[in-house]
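Okay, structure first, notes after.
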Amino acid sequence: MSTLSNSGPVATLYYIHDPMCSWCWAFAPGWQQIRSQLPESVKLIKLLGGLAPDSDQPMAPPMQQYLQQTWQRIQQQVPGTEFNFEFWHQCQPRRSTYPACRAVIAAQRQNPDDPELDERMTRAIQQAYYLNARNPSDDATLIACADSLGLDTERFAADLNSRQTQAMLEQQIRQSVELGVQGFPSLVLIKEGRRIPIPIDYRNPAISLDAITQMITV
């Protein structure tokens, strides 16, 4: 393995997600374990897939019901995943996740050399949404998340809805489409031009790690 490390990455792992994807929230503990144990010979690239574009319209009742049922199903299938169902009574839900995606990019722009800043911003958004019943479709919630991380909130607010940030999001969405991603979270390994979907088990991250290790040693 040291030979692989010295010669540079032999493969690239893409992680495609959305901060307001409930399955990504369920996958968060497993994802942390995968990241911490990823072989050095694998380069990691994270992409924001963008579940739902900007919208000021209230979420339709059938969609609200569907998402609440999804939360309940996740709690049953992935023990330990918490949701605060008061969100559906305290907030005005909108089917709009692009703001949260841009918030991750805006946070990273403040310190591109910090590889963990996007992870911390994603976690802050998830906790605001799923645990504290705050709406990440609202700029105010996202700015509060940035403030909790000690970011420059004036710069963050300006970057949040800037053309450059939107263009960066659109580029990442295009990349995820090119990778053939159809749902979040997704893991895709690229080795020698081959596109290899990596299986995800929400309760056993070793499934993904074993698949990655196997593919890079073939």
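Some notes on this structure:
- One residue from L169, L187 being in a strand (DSSP E or B), of a type outside the set (F, W, Y) and within 30 Å of E82 (Cβ to Cβ): L187
- In the range 62-99, the residues that are touching a Leu at 6+ places or on another chain (Cβ under 7 Å) and surrounded by 13 or more Cβ atoms within 10 Å (Cβ to Cβ): N84, T97, Y98, P99
- Count - residues of the range 77-98 that are assigned to a loop (DSSP other than H, G, I, E, B), closer than 14 Å to M20 by Cα and out of contact with any helix residue (DSSP H, G or I) (no Cβ under 7 Å at 6 or more places or on another chain): 2
- Single residue of T12, T3 found to be surrounded by fewer than 16 Cβ atoms within 10 Å (Cβ to Cβ), of a type in the set (S, T, N, Q) and either within 21 Å of Q175 (Cβ to Cβ) or at pLDDT 95 or above (or both): T12
Every residue, every condition in (1) surrounded by 13 or more Cβ atoms within 10 Å (Cβ to Cβ); (2) in contact with a Pro (Cβ under 7 Å, 6 or more places away or on another chain), yes or no:
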| position | (1), (2) |
| --- | --- |
| D114 | no, no |
| Y129 | yes, yes |
| Q166 | yes, no |
| L179 | yes, no |
| R194 | no, no |
| S208 | yes, yes |
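- A single entry from A128, A133, A146 fulfils the requirement of being out of contact with any Cys (no Cβ under 8 Å at 6 or more places or on another chain) and not acidic (D, E): A146.
- Long-range neighbours under 9 Å by Cβ, at least six apart or interchain, first residue modelled with pLDDT of 95 or more within the range 49-66, second part of a loop (DSSP other than H, G, I, E, B) and aliphatic (A, V, I, L, M): G49/V181; L51/M20; A52/M20
- Screening the candidates R102, R123, R134 for the property of being crowded, with 22+ Cβ neighbours inside 10 Å and charged (D, E, K, R) yields one hit, R102.
- Contact annotation: no residue pair with Cβ atoms under 9 Å, 6 or more positions apart or on different chains, pairs a residue in the range 188-206 that is closer than 17 Å to V177 by Cβ and among the acidic types (D, E) with a partner that is assigned to a strand (DSSP E or B) and modelled with pLDDT of 95 or more.
- Of all residues in the range 29-52, those being in a helix (DSSP H, G or I) and surrounded by 20 or more Cβ atoms within 10 Å (Cβ to Cβ) number 3.
- Boolean, V218 is at pLDDT below 95 and not hydroxyl-bearing (S, T, Y): yes
The values are calculated or read from the model by the stated rules, or taken from the named source; none is laboratory data. Treat the numbers as computed from the prediction; the structure is a model and nothing was measured. Note that each Cβ is placed from the backbone with ideal geometry, even for glycine, and that neighbours are counted across all protein chains shown.
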